[in-house]
1. Under 5 Å between amide H atoms, partner at least 5 residues away or on a different chain: which partners does GLY504 have, H built in plane at 1.01 Å?
2. Would you please put 42-54, 513-525, 145-157 in order of how densely packed they are, using the mean number of other Cβ atoms within 10 angstrom per residue and starting with the highest?
3. Spelling out what I want: for every residue of the range 496-502, take phi, set θ = phi - 60°, compute 6.51 cos²θ - 1.76 cosθ + 1.60 (Karplus), and round to whole Hz; glycine and proline get x.
4. Using all C-alpha to C-alpha distances in the range 173-314, build P(r) with 10 Å bins and read off the rounded percent in each one.
5. Explain nothing, just the number: dipole magnitude of the range 143-213 about its Cα centre with +1 on each Lys and Arg Cβ and -1 on each Asp and Glu Cβ, in debye rounded to the nearest 20.
6. If the reach is capped at under 17 angstrom between alpha carbons, list the aspartates and glutamates near LYS309, excluding any in the same chain fewer than eight residues apart.
7. Carbon-plus-sulfur fraction of the accessible area of the range 12-160, 1.4 Å probe, in percent?
8. For the range 45-199, treating each Cα as an identical point scatterer without solvent, what Debye log10 I(q)/I(0) comes out at q = 0.13, 0.20 1/Å?
Amino acid sequence: MDPPGYNCFVDRDKMDAAVQDLGPKELSCTELQELKQLARQGYWARSYALRGKVYQRLIRDIPCRAVTPDASVYSDIVGKIVGKHSTSSLPLPEFVDNTQVPSYCLNTRGEGAVRKILLCIANQFPDVSFCPALPAVVALLLHYSTDEAQCFENACRILACNDPSRKLVDQSFLAFESSCMTFGDLVNKYCQAAHKLMVAVSEDILQVYADWQRWLFGELPLSYFARVFDVFLVEGYKVLYRVALAILKFFHKVRAGQPLESDSVKQDIRTFVRDIAKTVSPEKLLEKAFAIRLFSRKEIQLLQMANEKALKQKGITVKQKRQFVHLAVHAENFHSEIVSVKEMRDIWSWVPERFALCQPLLLFSSLQHGYSLTRFYFQCEGHEPTLLLIKTTQKEVCGAYLSTDWSERNKFGGKVGFFGTGECFVFRLQPEVQRYEWVVIKHPELTKPVPLEAPAAPSPPCRPVSSDPADRLSPFLAARHFNLPSKTESMFMAGGNDCLIIGGGGGQALYIDGDLNRGRTGHCDTFNNQPLCSENFLISAVEAWGFQDPDTQ
């Protein structure tokens, strides 16, 4: 006997090639950890019938709003909404943003059913304003539904999830855009080689990363997307980030060394994902995805909230869209005595996504304001974050991204005290490019996260914590969120009357004297860095740059 829905909506010839129903027929486990393992291993992936049963069970268990449309609602409204239209000519709702409905081996009836279901969802969810992932979700669910009404009910339950700790799909442009920014942050942290390639070949790195959901919900072949969806229903949104990061890693591995054009890299990745079977199996893709040691779901959620807040401050609302913009370093209005436009763009690509759209604003230049640390502080106070650039008399160039306002140093009464967050990093540009991040990012085994709601553990003085989680500008990297083995791992930045220090513990990543004349650099525990230039150096020029919202200019 054919599994439910198999003959109704699916092209049998295509499916026979895509799925062979050879796996187990029953699933008895109920424990979440066991379900996670089975989903990751593809336990029900080879059984069309069992996958259908598992989907029904997992979706039924999603906590939903009190009033969530069910199959009977679909039966009541579908005729009124579709009317006498031919299903092939039905328009898609606006919230899918002209997304193509993936074929996923559906026959003509199945493709029409997806359009009908999407229109009925739009009728019942007027608050959903942007959800380009939904056509792929509905098309897949249709495989494992007895009829259109059941598919509609399952899709509605995914949209109506009311567990605040369990995000499933983005339903507004604000949520979608902040997810893209969060993905960019994660690429920056976990796929540095791929990120470096993207920056080198793309004029608009943000547009490339804004395509990440399309890789999953549309470009991935059916057998791959179904495997991802298996795990997604068990583990949630974080799985999507994992798989997209793995895709980018594989793309970099395959395409590194091959010519890439700036106007084609976005399409190149799409093509790579469509043809991914030539490169990697679903098992290898998931294996790579779960080998990436991401931060916790709650910490990533806080990062998403911070990105949402930054977008709201730029005027992006739940429904409003905007055109994606280029990285905000433009040759016509940028001038530095230390770095070129290309070098500044490289640095800008490293900063957290919520600041990447800001314009660079020169706050301090030693050639303009003089060689004075007091003047440096005066020019920089009130700005957060800032970028420090140093050029030595040997033409070496290094610097630091500093997450916190320099005015925080005043809490220590003129003495040197450390503050800042783990988003700080140090780097060198000449003679070679190298970035050093907080040691905990590269070596999370050094520490364990503490509950975010718990009182702050004893740590070096940090910026006061707001009661609003979205105000934590360094949500998953703040030192107070971690049980650190010693204080040296969170010595980010310090400033006294006589010196400026970046990084601590066993040495400093950067030390600059009060005259901005001499400096030294060496290994420090905070960043686990090599010297950023000659260990003892004379300063030729110092600059500090701020981040100016283009809407406030």
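The values are calculated or read from the model by the stated rules, or taken from the named source; none is laboratory data. Since the model is a prediction, treat every value here as computed from it, not as a measurement. Note: ideal-geometry Cβ built from the backbone for every residue, glycine included; neighbour counts use all protein chains shown. SASA here: full protein model, heavy atoms, side chains in, ligands and nucleic acids out. Shrake-Rupley method; radii C 1.70, N 1.55, O 1.52, S 1.80 Å.
1. The list, which skips near neighbours in sequence, is MET491, ALA509, ASP525, THR526, PHE527.
2. Details: 42-54: 19.8, 513-525: 18.2, 145-157: 22.6.
Packing proxy ranking, top to bottom: 145-157, 42-54, 513-525.
3. x, 6, 10, 7, 10, 10, 10
4. Whole-percent P(r) values from 0 Å outward: 11, 44, 36, 9, 0.
5. Values: 5 positive and 10 negative charges, 75 e Å.
Value, rounded to 20: 360 debye.
6. Candidates past the 8-residue exclusion: ASP170, GLU177, ASP185, GLU299, GLU353, GLU384, ASP468, ASP471, ASP549, ASP551.
7. On the way: 3310 of 6950 Å².
Looking at the range 12-160 in its full context, I get 48 percent from C and S.
8. Rounded to two decimals, the profile gives -0.67, -1.30.
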